[in-house]
Amino acid sequence: MCVTYWGKDYATSDPAGPRECDEYPFASTYEGAGQHSKEPSAPKGNFSAHPIPKAQNKAGGTILALFYDKNRILHGRDSKRKEVDAYVMAID
């Protein structure tokens, strides 16, 4: 996604340092960037993405993983294909 909008050198073109493509909703969720890999019938590209500093992306991923672990958020669906351990993100 970032290559499409910011060019093939988006990761190295910022003089402030290396960048990575970050997505929202998180690729680790069943919505947004991770949706199609978890639900092949879902539309592709149903998320936002933007280049951010590599260190910030790594730190954000670490915090998100700790959040999942601390709150015992698991992924999966039950036998009736209903999502289990769903949660809602509220942005103020």
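Some notes on this structure:
- Top-ranked residue in the stretch 30-49 [being in contact (Cβ under 8 Å) with a residue 12 or more places away in the chain and among the polar types (S, T, N, Q); ranked as farthest from T62 (Cα to Cα)]: N46
- Unique match (being surrounded by fewer than 11 Cβ atoms within 10 Å (Cβ to Cβ) and of a type in the set (S, T, N, Q)) among N71, N57: N71
- With respect to the conditions (1) touching a residue at least 12 places away in the same chain (Cβ under 8 Å); (2) among the basic types (K, R); (3) more than 26 Å from V3 (Cα to Cα); (4) surrounded by 10 or more Cβ atoms within 10 Å (Cβ to Cβ), R77 falls short on a single one, namely (1).
- Checked against (1) closer than 24 Å to Y5 by Cα; (2) within 11 Å of the chain's Cα centre (by Cα), P43 meets all criteria but (2).
- Matching residues in the stretch 24-49 - criterion: being buried (at least 18 other Cβ atoms within 10 Å of the Cβ) and outside any loop (DSSP other than H, G, I, E, B): G32, A33, G34, Q35, A49
- Residue that is in a loop (DSSP other than H, G, I, E, B), open to solvent by 40 Å² or more (accessible area, probe 1.4 Å), modelled with pLDDT of 80 or more and of a type outside the set (V, I, T), where the choices are A11, A16: A16
The values are calculated or read from the model by the stated rules, or taken from the named source; none is laboratory data. Everything quoted here is computed from the prediction, not taken from an experiment. Please note: Cβ atoms are built from the backbone with ideal geometry, for glycine as well, and neighbour counts cover all protein chains shown. Heads up: the accessible areas ignore ligands, DNA and RNA and are worked out on the full protein's heavy atoms, side chains in. Shrake-Rupley method; radii C 1.70, N 1.55, O 1.52, S 1.80 Å.
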